[in-house]
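The values are calculated or read from the model by the stated rules, or taken from the named source; none is laboratory data. In this text, all values refer to a predicted model and were calculated from it rather than measured experimentally. Glycine also receives a Cβ, built like all others from the backbone with ideal geometry; neighbour counts cover every protein chain displayed. For accessibility, only protein heavy atoms count, side chains too; no ligands or nucleic acids. Shrake-Rupley method; radii C 1.70, N 1.55, O 1.52, S 1.80 Å.
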Amino acid sequence: MLWLGCLLCRYQTPVGSFPGFLASAGLTEEQKEFQKVALDFATKEMAPHMAEWDEKEIFPVETMRKAAQLGFGGIYVRPDVGGSGLSRLDTSVIFEALSTGCTSTTAYMSIHNMCAWMIDSFGNEEQRHKFCPSLCSMEKFASYCLTEPGSGSDAASLLTSAKRKGDTYILNGSKAFISGGGDTDVYVVMCRTGGPGPKGISCMVLEKGTPGLSFGKKEKKVGWNSQPTRAVIFEDCVVPVENRLGAEGQGFNIAMKGLNGGRINIASCSLGAAHASVLLAQEHLTVRKQFGEPLANNQYLQFRLAEMATRLVAARLMVRNAARALQEGREDAAVLCSMAKLFATDECFAICNQALQMHGGYGYLKDYAVQQFVRDIRVHQILEGTNEVMRMIVARNLLQV
């Protein structure tokens, strides 16, 4: 097993070991290659800096641009605008592997990829060729703007308005908790062009520097510290009509289709954090001694480790099944994405938390990587639709209400 760091610094991230039964089962040889490339990148370019990025709140732009050179800036964007043209399952495998090196940074990359895909999928040819190449190369970075101070889970009640004025829209309102806000270049914004409810929502693409576009203070967060989070504010912000994605009233549908993939992506990031945490726990149980013998000899801890690995594999299977369904355009794809997001983010947080518990007091020290995985994936149960909303989606599908 390859370990990054040393016993002196103690901040160890075990990303060099990806046992086949845990991560590669059922993958094609090509997908295993994608996984290896992503894992090598996580090992060499992300894991050594994970703690520093967290502590100093560094947005690692140059590292992400290196990832983009491997095709990770537009993984499921079409190749004619610079994307890699890979499948949703390929994408899940890549994000899981990258997340073992830094979950926070990978989670931002997943949001960036979602934005690039939305422009690629719903934009016209001019929009696709204008925005996607620089996003896929990560010369420019993107943010997704849906949540507002007064509309989180109830996204259809958003209030940011876009009033048509000739060949422009005038935007007024604000968005909350926007990943990358203020540091990114392109903003995919959901706003109200019509009446109440989802049918009154449209989607606009704004560029940083647009008059009337500003940002709130940088939020202080529990985790996800390698990506900035700010409010995005629109004050008589003038946006050309040509920057609207799709037709008026299509925005909510665009947002939800984006989030189906986003839920798979964020669940995949949780898998990577949980996998790394299982390996950290495995190593700690082997080297730590109490009562004259290694903790690994304690049957209770053996059973807990076995349960962690089992739950990780179960979560991975659910995520990959949903990714296949989304790629195939199956009718049940949306509910499977919700199930996978709910199950994987809940289970993976529990796995990371149990790994911290196995470390005892050491797990609560920032010298040990396990605590950062716990902090970074806690928010995965909240964003891309809270897990309570995931339960609502699944229940409505079952009861047809």
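Observations on the structure shown:
- Rounded tilt (10° steps) of 333-358 against the dominant C-alpha axis of the chain: 40 degrees
- Residue among ALA97, ALA344, LEU245 farthest towards the positive dipole end of the chain, charges placed on Cβ: ALA344
- In this structure the chain gives 41 Å² per residue of accessible area when probed at 1.4 Å with all protein chains present.
- Fully extended contour minus Cα-Cα distance, from GLN69 to GLU29, at 0.36 nm per residue: 12.3 nm
- Between helix 103-122 and the chain: long-axis angle, C-alpha atoms, 0 to 90°, nearest 10: 30 degrees
- Applied to the stretch 125-142, the Karplus parametrisation 6.51 cos²θ - 1.76 cosθ + 1.60 on θ = phi - 60° returns per-residue 3J(HN,Hα) values of 4, 5, 5, 4, 6, 6, 9, 5, x, 6, 6, 5, 7, 6, 4, 10, 10, 10 Hz, with x for Gly and Pro.
- Extension gain, VAL238 to LEU365: 0.36 nm times the residue separation minus the Cα-Cα distance gives 40.9 nm.
- Note on the chain: dipole from Cβ charges, positive end direction compared against CYS115, MET46, GLY173; the farthest Cα belongs to GLY173.
- Relative contact order computed over the stretch 100-217 (Cα-Cα under 8 Å; 6+ residues apart), in percent: 22 percent
- Taking 7 Å steps out from each Cα toward its Cβ at ALA395 and ASN172 produces label points 3.8 nm apart.
- Calculated [θ] (222 nm, deg cm²/dmol) that DSSP helices of n ≥ 4 give over the chain, each run adding -39,500 (n - 2.57): -16000 deg cm²/dmol
- Projected onto planes of every orientation and averaged, the convex hull of the alpha-carbon atoms in the chain covers 19.3 nm².
- Degrees separating the helix 251-287 axis from the principal Cα axis of the chain, which is the longest one: 10 degrees
- Residues within the reach of a label modelled at LYS36 (point 7 angstrom out along Cα to beta-carbon, backbone nitrogen below 16 Å), restricted to the stretch 72-94, are 94.
- Placing +1 on the Cβ of every Lys and Arg and -1 on the Cβ of every Asp and Glu, with no other charges, gives the chain a dipole of roughly 580 debye about its Cα centre.
- Dipole of the chain [Lys/Arg +1, Asp/Glu -1 at C-beta], most positive-end residue of ILE254, VAL389, GLY83: VAL389
- Top of VAL188, VAL389, VAL374 by mean-square fluctuation, Gaussian network on the chain, Cα under 10 Å: VAL389
- GNM result for the chain, Cα springs below 10 Å: residue of ALA323, ALA25, ALA67 fluctuating most strongly: ALA25
- Gaussian network model of the chain, Cα within-10 Å springs - most flexible of GLN381, GLN127, GLN227: GLN127
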